[in-house]
């Protein structure tokens, strides 16, 4: 008798692979470019974009000369990001499939800047994501992400990893990036918990 093999499905991955989020991302390109312009990106710095989708913030960072790695759980969005990068002629960016709560493919202290504008807030295990963001940031590196109720104006925060491993948080002001959550969209899965865990380090 043949053995029945059940494939375990990651519901978060299935969600993001189900819809046409590249079409939705097209409406957010300008806000991604505007945000990246404020981050002090210089040529040669290493940037990690978690929950990068097809590159709404990753591509503008690469256009400024950063070496960018985009990580997303959805294979279709990773493929779309790599296509957009190739079309733009950018050799300093790559997209790869991965889970923001498990970044073991990266060594500790790899990135100058870790950005998660559209991704970490949706992670099912936000505390694990926070630990990984801090782990992969270099001493002196920065972590930038929005926090707060996603259907409201959020606070954009920057957390700097000090040389001694402690973290310094700075509020960069109000933003509204993700209109897909709240009453008519996705449920917030923990952006406040994610930031609390960053602040508690």
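The values are calculated or read from the model by the stated rules, or taken from the named source; none is laboratory data. Quick caveat, the model's predicted, so the values are computed rather than measured. When we count neighbours, we look across all protein chains shown, and the Cβ atoms used for this are built from the backbone with ideal geometry, even at glycine.
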Inset, instruction - Determine whether residue 119 is touching a strand residue (DSSP E or B) at 6+ places or on another chain (Cβ under 6 Å) and farther than 18 Å from residue 168 by Cβ. - result: yes
Inset, instruction - Output the number of the condition that residue 145 fails; it satisfies all remaining conditions of (1) in contact (Cβ under 8 Å) with a residue 60 or more places away in the chain; (2) within 19 Å of residue 160 (Cα to Cα); (3) buried (at least 24 other Cβ atoms within 10 Å of the Cβ). - result: (1)
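A quick yes/no check of all residues on (1) farther than 16 Å from residue 68 by Cα; (2) buried (at least 19 other Cβ atoms within 10 Å of the Cβ); (3) in contact with a helix residue (DSSP H, G or I) (Cβ under 7 Å, 6 or more places away or on another chain); (4) without any contact (Cβ under 8 Å) to a residue 60 or more places away in the chain:
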position: 103; (1), (2), (3), (4): no, yes, yes, yes
position: 106; (1), (2), (3), (4): no, no, yes, yes
position: 113; (1), (2), (3), (4): no, yes, no, no
position: 122; (1), (2), (3), (4): yes, yes, no, no
position: 137; (1), (2), (3), (4): no, yes, no, yes
position: 153; (1), (2), (3), (4): yes, no, no, yes
Legend entry - Subset tally (residues that are modelled with pLDDT of 50 or more and in contact with a strand residue (DSSP E or B) (Cβ under 8 Å, 6 or more places away or on another chain)) for the range 165-188: 13
Inset, instruction - Just one of (1) crowded, with 18+ Cβ neighbours inside 10 Å; (2) modelled with pLDDT under 95; (3) touching a strand residue (DSSP E or B) at 6+ places or on another chain (Cβ under 8 Å) trips up residue 56, so point out which. - result: (3)
Legend entry - Among the residues listed as 131, 138, the single one being modelled with pLDDT of 80 or more and either touching a strand residue (DSSP E or B) at 6+ places or on another chain (Cβ under 9 Å) or under 23 Å from residue 32 (Cβ atoms) (or both): 138
Inset, instruction - Mind listing whichever residues of the range 65-78 are modelled with pLDDT of 95 or more and surrounded by fewer than 17 Cβ atoms within 10 Å (Cβ to Cβ)? - result: 65
Inset, instruction - Look at residue 85 and say whether it is buried (at least 17 other Cβ atoms within 10 Å of the Cβ), at pLDDT 90 or above and closer than 23 Å to residue 125 by Cβ. - result: no
Inset, instruction - Considering every residue within the range 86-95, establish whether at least one is closer than 15 Å to residue 48 by Cα, without any contact (Cβ under 8 Å) to a residue 24 or more places away in the chain and over 12 Å from the mean Cα position of the chain (by Cα). - result: no
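Let's see how each residue does on (1) in a helix (DSSP H, G or I); (2) free of Cβ contacts under 8 Å to residues at least 40 places away in the same chain; (3) more than 24 Å from residue 130 (Cα to Cα); (4) in contact with a helix residue (DSSP H, G or I) (Cβ under 8 Å, 6 or more places away or on another chain):
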{"residue": "48", "(1), (2), (3), (4)": "no, no, no, yes"}
{"residue": "52", "(1), (2), (3), (4)": "no, no, no, yes"}
{"residue": "56", "(1), (2), (3), (4)": "no, no, no, yes"}
{"residue": "65", "(1), (2), (3), (4)": "no, yes, yes, no"}
{"residue": "70", "(1), (2), (3), (4)": "no, yes, no, yes"}
{"residue": "84", "(1), (2), (3), (4)": "yes, yes, yes, yes"}
